[in-house]
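> The structure under discussion is supplied below as structure tokens; questions concerning it will follow.
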Amino acid sequence: MAPNLDLSKHVLIQSIINGKLQGDKDPKDDQIAEIVGCAPRTIRRIRSNILRFGTTTARPNGAGQPKTVAPPMLTALYEQLSLNPCMRLEDMVAFFREVRRRRVTFQH
């Protein structure tokens, strides 16, 4: 597997691609790759990332199970913990079950 590009090369590629997207005709992908020192496929992939995500890198893929506790639920739990700082884990789950009507899973 090829090594990752330096941040400076990402910045250079992004500025060249942004110039091309604004109407500049040159250089072509092969020439950009030669200037930067990477493959033309890398240039096409980075252009795709810029058009999709606005940056030269794609956003990271989420790993693991989806979270069952949303940020507003955490805020409510923090408020409850400020009132009762010695809550046990079972009490926190019961709080979500009663007040928020949500089922929450936890691991010991």
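The values are calculated or read from the model by the stated rules, or taken from the named source; none is laboratory data. Keep in mind that what you see is a predicted model, and the values were worked out from it rather than measured. Here the Cβ is made from the backbone with ideal geometry for all residues, glycine too, and neighbour counts use every protein chain on show.
> Tally up the residues in the range 67-93 that are assigned to a helix (DSSP H, G or I) and either over 28 Å from the mean Cα position of the chain (by Cα) or of a type in the set (Ser, Thr, Tyr) (or both), please.
Taking the range 67-93 first, the residues assigned to a helix (DSSP H, G or I) are 71-83, 89-93.
From what's left, either over 28 Å from the mean Cα position of the chain (by Cα) or of a type in the set (Ser, Thr, Tyr) (or both): 75, 78-83, 89-93.
Selection size over the range 67-93: 12.
> Only one of (1) closer than 30 Å to VAL99 by Cα; (2) not in a helix (DSSP H, G or I) is not met by ALA58, so which one is it?
The one condition ALA58 does not meet is (1).
> To continue, here is another question. If PHE53 passes every condition in (1) surrounded by 11 or more Cβ atoms within 10 Å (Cβ to Cβ); (2) within 18 Å of LEU21 (Cα to Cα); (3) at pLDDT 90 or above but one, which one does it miss?
(3)
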